[in-house]
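A quick write-up on the structure given underneath.
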Amino acid sequence: MRQPRPEARPEADGLRRSFITPEGVDLRLTLGSAGTRAAAFLIDAIAVVAVLVVATIVIFTLFFSVHAPALAIVWMIGFFVLRNGWFTLFEMGGRGATPGKRIMGLRVVARDGARLSGGALIVRNAMREVELFLPLTFLGTQAAEGTADTFVTLFSLGWSGIFLLFPLFNRDRLRVGDLLAGTWVVRTVGVTLGSELAVPEARPRRSFSDAALSLYGEYELQTLEDVLRAGQRDSIATVAATIRRKANLTDDGDDLGFLTEYYAALCVRLERGLLVGRRRLDKFADAKR
């Protein structure tokens, strides 16, 4: 049976938060600031507009003979799918981040430590329609028709402004979408998994059985990466001990080396599985089938 995950506990020191992984490790993540999140959204918005412009030129070039109102409907539907699919699909990926968030060093995580669910991400990004796109689209339509009076303009801008400023008035910098979906936007750790985690060539690498590697999936792979990046000795020891116990492996006293090699082997195994069409989302995937 799947055990409930411990809840993440907020800390009092600014944007630092206690984030408890399924292994009981506290990663102490840092929330993304409102300015950083706004910059990430701006980058994504520019990318979405660029894709939209190219798609619009192609569609109207190829189908110029089609009735204009029909093309306009297709364009609006396509824009809706693009702007929602862009954020939702990228955040469903293993990095939990859109291109804008990756550039700004951000990613989305579940506040309770669980793996991000598709439903939560759909709710999170669908709220952006209510917060921003619907009122601004309504205002643009009214302005184009010459019927946008002062009340309509102030109401639309005020509605969007309240939601845009909402993260500034809560300590966790949550959008309304984050509040409903149970998500945080956190900063990724800038440390790279490079030479400081490399395995000495003088010592042979550890080998892991399929049974040992099948204990974890993509979600746990991200957790292992976070633990290694954080470099906290206690966290590394806790996760290494948990894996050894579940896989019935002996303790050789080198927790960092063990966890680094297990992470590398797990990466290879999951990538190999994707090549043959198998995708393992987390360690509970087999039990759900």
Exercise. Which number in (1) at pLDDT below 85; (2) within 22 Å of L15 (Cα to Cα); (3) in a helix (DSSP H, G or I) marks the one condition that L179 misses?
Worked result: (1)
For this session: Kindly check whether there is at least one residue in segment 160-167 that is over 23 Å from I46 (Cβ atoms) and touching a helix residue (DSSP H, G or I) at 6+ places or on another chain (Cβ under 6 Å).
Result: no
Exercise. Does F64 meet the test of being over 20 Å from V176 (Cβ atoms) and part of a loop (DSSP other than H, G, I, E, B)?
Worked result: yes
For this session: Please find, within segment 79-124, the residue that is surrounded by the fewest Cβ atoms within 10 Å (Cβ to Cβ) out of those that are in a helix (DSSP H, G or I) and of a type in the set (V, I, T).
Result: V81
Seminar exercise, completed: Looking across segment 132-165 at residues that are free of Cβ contacts under 8 Å to residues at least 24 places away in the same chain and within 30 Å of R17 (Cβ to Cβ), the single one that is surrounded by the fewest Cβ atoms within 10 Å (Cβ to Cβ) is L165
Problem set entry | Where a residue in segment 225-247 is in contact (Cβ under 8 Å) with a residue 40 or more places away in the chain and its partner, wherever it lies, is small (G, A, S) and assigned to a helix (DSSP H, G or I), with Cβ under 8 Å and at least six apart | V227/S235
Seminar exercise, completed: F284 meets each of (1) of a type in the set (A, V, I, L, M, F, W, C); (2) modelled with pLDDT of 80 or more; (3) surrounded by fewer than 18 Cβ atoms within 10 Å (Cβ to Cβ); (4) within 23 Å of the chain's Cα centre (by Cα) with one exception, condition (2)
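Consider L29 carefully, then state whether it is crowded, with 19+ Cβ neighbours inside 10 Å, within 25 Å of G182 (Cβ to Cβ), at pLDDT below 85 and of a type in the set (A, V, I, L, M, F, W, C).
Working: crowded, with 19+ Cβ neighbours inside 10 Å: yes; within 25 Å of G182 (Cβ to Cβ): yes; at pLDDT below 85: yes; of a type in the set (A, V, I, L, M, F, W, C): yes.
So L29 passes the test.
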Exercise. Does A148 satisfy the criteria of being part of a loop (DSSP other than H, G, I, E, B) and over 16 Å from R37 (Cα atoms)?
Worked result: yes
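Could you check, for segment 48-57, whether at least one of its residues is exposed (fewer than 10 other Cβ atoms within 10 Å of the Cβ) and either among the polar types (S, T, N, Q) or not assigned by TED's automatic domain parsing to the domain that holds E131 (or both)? Show your work before the answer.
Filtering segment 48-57 down to residues exposed (fewer than 10 other Cβ atoms within 10 Å of the Cβ) leaves none.
Looking for residues that are exposed (fewer than 10 other Cβ atoms within 10 Å of the Cβ) and either among the polar types (S, T, N, Q) or not assigned by TED's automatic domain parsing to the domain that holds E131 (or both), one finds none in segment 48-57, hence no.
Name the residue, out of L134, L106, that is hydrophobic (A, V, I, L, M, F, W, C) and over 26 Å from L29 (Cα atoms).
Details: L106 fails: over 26 Å from L29 (Cα atoms).
Checking each option against the conditions leaves just L134.
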Problem set entry | Which numbered condition D172 misses (of (1) part of a helix (DSSP H, G or I); (2) more than 21 Å from F79 (Cβ to Cβ)) | (1)
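On the given criteria, is A237 small (G, A, S), surrounded by 12 or more Cβ atoms within 10 Å (Cβ to Cβ) and modelled with pLDDT of 80 or more?
Details: small (G, A, S): yes; surrounded by 12 or more Cβ atoms within 10 Å (Cβ to Cβ): yes; modelled with pLDDT of 80 or more: yes.
So A237 passes the test.
The values are calculated or read from the model by the stated rules, or taken from the named source; none is laboratory data. All of these numbers come straight from a predicted model, not from anything done at the bench. Neighbour counts run over all protein chains shown; Cβ positions are idealised from the backbone, glycine included.
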